[in-house]
Amino acid sequence: MSFSSKRGSDALRDVLAFTFRHWARRWPMAAGIGAAIVLATLTEIFVPLYAGRLIDALAAGKSEAPAALEAFLMMAGLGLVMVVLRHLAWWGVVPLTLHIMSDVVREAFHRVQRFSSDWHANSFAGSTVRKITRGMWALDVINDVILLSLLPSVVVLVGTVLLLMLHWPLMGLVMAVGALAYGALTVTLATRVVAPAARLSNAWDTRIGGILSDTLGANQVVKAFGAEAREDARLAAVVTRWRLRVRRTWTLATWSASGEFALLWVVRTTVTATALWLWWQGRATPGDVTYVLTTYFVLHGYLREIGQHVHNLQRAVNDMEEMVDLHGLTAGVADRDAAAPLAVRGGEVRFDHVTFHYGRHAAPLFAGLDVRIPAGQRVGLVGPSGSGKTTFVKLLQRLYDVSDGRVLIDGHDVREVAQASLRQQIAIVQQEPILFHRTLAENIAYARPGASQGEIERAARLANAHDFIERLPKGYRTLVGERGVKLSGGERQRVAIARAFLADAPILILDEATSSLDSESEAAIQQAMERLMQGRTAIVIAHRLSTVRAMDRILVFEHGRILEDGRHETLLAKAGGRYRRLFERQSDGMAQIAAVEDDEEPVVG
Ligand SMILES: Nc1ncnc2c1ncn2[C@@H]1O[C@H](COP(=O)(O)OP(=O)(O)OP(=O)(O)O)[C@@H](O)[C@H]1O
């Protein structure tokens, strides 16, 4: 079977190889099912032979009654064996398919979770979900089609034709030519006509999944701009393209099926006419004609279904290929073989001549960046938007690999250690913390699974989160909504800080919230952050002057370079310095606001 395009044949090969690999893991089950269905099918091939003998015995008169009875009993016995074996095969395929489907979804999730941040930044989560779930269900179809439908069809095809050829070569030849022509036509239409169209339909189906999840995930923004109608229209445009593509696929499939039925009609008419002609010539008995016609009708049933099976297989291959492609991708940022866990003693961070650029960006963001942060130091990163502050911490977490140079923690290159252990040593409080739609207790304990309720509450107290949690009707058992939407920004921040307390990691990354919080929440968060920083190496992407002032050291970023490096007072004393300019400009702006709102803090970065 070959697809028209290189990509098509690749897809078929990849999908079948993927499926066979999964069968191989459970080969006794797969082999048992195959054997049962092949034996069940062989019994069917012999039924027409005994039907022919029965008719000849009947035509010869009552003297042949024992032969007629023998033929009848054989037909009945073969039928019963077929029923039992067929049941065994179908019964066995249930656990096989369910085990493989479970493996497939687990493995796909395992891989996708470990793909690089770059991959996730470039992929729609909804599209990925569609690819995985569609692929998982396609496997159900592939198992049924190959094991329970195509395999018996091929056995019947080969078996009946061989048996007929032994018995009656001319009829065997007619049947073989008809069956081969039909098989060739079916496979060609399915793979060269329908498959390419179906692949395009699937791409649009995946796009619909992506748009649905992207838009529903950003529902707050849509609502805020009253843009529901605009989003309806955006989806409608994609649905229209999808409909046109699917209509084309389904129309082509309908024409293909009709073409195949027309060919079957030609084969049947030719076989019947040949049998009648041979009878007319006196070269065939009524039993012979019965045998040929019964054989043909058995074959006809299977042939008719082969067309349907090949189409189903082709559809399932199309449905699975995007998921199989996910298995072919490399993780992007992968652990070295036998990467050891990172053991942090103090938490010294060093960027040693680091060069880095995102994906296809021509110019590097960092070019030969050198900086050393001693263990236990509290460093504020400031600088204009896009200057590289977030990227700096992403490289520390090894969410991306550097193009050149090294990022070191306590002298260990982050590329040499196991990623999971590296990230366990770094607690992070994001600017917009994301929570799971789980209880508050589970969200806090995410940093340390198995933490006791007492430990969770202690972390929440340190994060100034305990009081607001206690006021909720279900307290720590409150579900927070998807991504934590049922909490305010300040509450989400405090839950994230509680998480970081529980993580108790030697290195801490804090990305201050830029959204304006009320002064009470802000003070509570600042205080919690201060507490959290104690005794750790802390890197703070700072937006508030109060935070920056309190730091041991400030790094001023601009266009991926560190322009200034020092304490607040030192940098402020530098006439014409970048930090001083930032400070003055923003203090000015903030001073005006402060005249109105006395307790508001000026912002940096
Ligand atoms: N995943 C990405 N792919 C490509 N370019 C990116 C990616 N993430 C960031 N960039 C680019 O890298 C540059 C530095 O971004 P970064 O997020 O590090 O800046 P930042 O100083 O943290 O900004 P902000 O204060 O606004 O958060 C920007 O020009 C940004 O557009």
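The values are calculated or read from the model by the stated rules, or taken from the named source; none is laboratory data. Not measured: the values here are computed from a predicted model. With ideal geometry, Cβ positions are generated from the backbone for all residues, glycine too; neighbour counts draw on all protein chains shown. Heavy atoms of the whole protein, side chains included, go into the accessibility calculation; ligands, DNA and RNA do not. Shrake-Rupley method; radii C 1.70, N 1.55, O 1.52, S 1.80 Å.
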Problem set entry | From Ala229, Ala198, Ala236, residue being aliphatic (A, V, I, L, M), modelled with pLDDT of 90 or more and either more than 26 Å from Met320 (Cβ to Cβ) or under 21 Å from the mean Cα position of the chain (by Cα) (or both) | Ala236
Exercise. In segment 125-149, which residues are buried (at least 18 other Cβ atoms within 10 Å of the Cβ) and either basic (Lys, Arg) or over 22 Å from Gln314 (Cα atoms) (or both)?
Worked result: Gly126, Arg130, Lys131, Arg134
Exercise. Which residue, of Arg336, Arg350, is among the basic types (Lys, Arg), in a strand (DSSP E or B) and touching a residue at least 40 places away in the same chain (Cβ under 8 Å)?
Worked result: Arg350
For this session: For Ser515, work out the one condition from (1) of a type in the set (Gly, Ala, Ser); (2) modelled with pLDDT of 75 or more; (3) within 25 Å of Lys394 (Cβ to Cβ); (4) open to solvent by 40 Å² or more (accessible area, probe 1.4 Å) it doesn't fulfil.
Result: (2)
Seminar exercise, completed: Scanning segment 11-60 for residues that are acidic (Asp, Glu) and closer than 30 Å to Ala71 by Cα, the one modelled with the lowest pLDDT turns out to be Glu44
Exercise. From the list Val310, Val266, Val271, which one is open to solvent by less than 30 Å² (accessible area, probe 1.4 Å) and more than 41 Å from the chain's Cα centre (by Cα)?
Worked result: Val271
For this session: Using the structure shown, decide if Phe351 is open to solvent by less than 40 Å² (accessible area, probe 1.4 Å) and among the aromatic types (Phe, Trp, Tyr).
Result: yes
Exercise. When you look at Gly359, is it within 13 Å of the ligand (Cβ to nearest atom), in contact (Cβ under 8 Å) with a residue 24 or more places away in the chain and surrounded by fewer than 16 Cβ atoms within 10 Å (Cβ to Cβ), yes or no?
Worked result: yes
For this session: Please indicate, with yes or no, whether at least one residue in segment 375-384 is open to solvent by 10 Å² or more (accessible area, probe 1.4 Å) and within 16 Å of the ligand (Cβ to nearest atom).
Result: yes
Exercise. Counting just the residues of segment 201-219 that are open to solvent by 40 Å² or more (accessible area, probe 1.4 Å) and under 24 Å from Leu435 (Cβ atoms), which one comes out nearest to the chain's Cα centre (by Cα)?
Worked result: Ser213
For this session: Name the one entry in Arg531, Arg585 that is modelled with pLDDT under 85 and out of contact with any Leu (no Cβ under 9 Å at 6 or more places or on another chain).
Result: Arg585
For this session: Residues being open to solvent by less than 30 Å² (accessible area, probe 1.4 Å) and either at pLDDT below 80 or not hydrophobic (A, V, I, L, M, F, W, C) (or both): count how many of those fall in segment 570-581.
Result: 2
Exercise. Ser102 versus (1) of a type in the set (Gly, Ala, Ser); (2) within 16 Å of the ligand (Cβ to nearest atom); (3) surrounded by fewer than 12 Cβ atoms within 10 Å (Cβ to Cβ): which is the lone unmet condition?
Worked result: (2)
Exercise. Being touching a Pro at 6+ places or on another chain (Cβ under 6 Å) and away from the ligand (no atom under 14 Å from the Cβ), is that true of even one residue in segment 551-562?
Worked result: no
